[in-house]
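Have a look at the structure below before the remarks.
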Amino acid sequence: MSEGNRLKLWLATNLRWLWLLLKWFQRMSWRLGSREKVFAQIHRGRRWGSSESPSGGGSTPAETAAIRADLPLLLKRLGVSAMLDIPCGDFNWMKTLLPELQLTKYIGADILRDLVQRNHQRYGTATVDFIRLDAVSDVLPKVDLILCRDMLVHLPLRLGLRAVGNMQNSESTYLLATTFPSVVHNENIETGARRPLNLEAAPFNLGPPEYVMRESCADVPDKSLGLWRMPHAACRAE
Ligand SMILES: C[S@@+](CC[C@H](N)C(=O)[O-])C[C@H]1O[C@@H](n2cnc3c(N)ncnc32)[C@H](O)[C@@H]1O
């Protein structure tokens, strides 16, 4: 058989697989791109409606007063020295609290490249690092505690579940995440919308948190940060 015929035969046999592979790559990059794009548009348009922070009213000093008072004590009690704050947003409230936390390593991560770069230029030090990470699909660093405030509430259940599974897979010790204990049924939404979520309820099923830190949120009284020890079998990623 000539070289030309051999090539034709190879193409005929493998073209369908190459085409499927190409489609898969396209779909994956579209999904990732679109996730980042949605949050970039929200940030750029200040669609979370706060003049104090593009990360929204929840990231202001007033709304974080209660957790800023409780976090240093909790982290000290748990012996946390390395923390991943995902998503870190614009670092608006954490920048004043961080010195009190006495961490040896703080990693702020967000899906928005520009935001992370800006944080890094303004606040980066030898012990304070900012990196671009997608909580749903990137490998996350192993730390003592992952703080995940106000992110899962903006993701569809399918992606939220993958993000929690991803955090479990990092082999970090604790997860401290936004939860609304009075919510009975977790509703599905489009990426970038918002609804309250209870991480004890399906599909997360994390069970009762070891500790619940109530936030000082004016319009949603049971907004809290729940503490879970990881890994939790119910939601470990495949
Ligand atoms: C409402 S802000 C909360 C920021 C911060 N946790 C706070 O308390 O101020 C939500 C942030 O989640 C980020 N985000 C959304 N999906 C993400 C993902 N899959 N991985 C990492 N960050 C994400 C957005 O870019 C945005 O900065």
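The values are calculated or read from the model by the stated rules, or taken from the named source; none is laboratory data. What you see is a predicted model, and the numbers here were worked out from it, not measured in a lab. Methodologically, a virtual Cβ is constructed for each residue, glycine included, from the backbone with ideal geometry; neighbour enumeration extends over all protein chains shown.
Just for segment 57-103: of the residues that are more than 13 Å from the ligand (Cβ to nearest atom) and among the polar types (S, T, N, Q), which one is farthest from Ala218 (Cα to Cα)? Going through the qualifying residues, I end up with Ser81. The single condition among (1) assigned to a loop (DSSP other than H, G, I, E, B); (2) touching a residue at least 24 places away in the same chain (Cβ under 8 Å); (3) not hydroxyl-bearing (Ser, Thr, Tyr) that Asn166 does not meet is (1). A search for C-beta distances below 9 Å between a residue of segment 125-137 that is of a type in the set (Gly, Ala, Ser) and part of a loop (DSSP other than H, G, I, E, B) and any residue that is more than 8 Å from the ligand (Cβ to nearest atom) and modelled with pLDDT under 95, counting only pairs 6+ apart in sequence or on different chains, returns Ser137/Met28; Ser137/Arg31; Ser137/Leu32. Answer yes or no: is there a residue in segment 115-137 that is farther than 29 Å from Ala69 by Cα, within 12 Å of the chain's Cα centre (by Cα) and within 13 Å of the ligand (Cβ to nearest atom). Yes. Here is the figure for segment 103-128: residues that are of a type outside the set (Val, Ile, Thr) and surrounded by fewer than 18 Cβ atoms within 10 Å (Cβ to Cβ) total 11.
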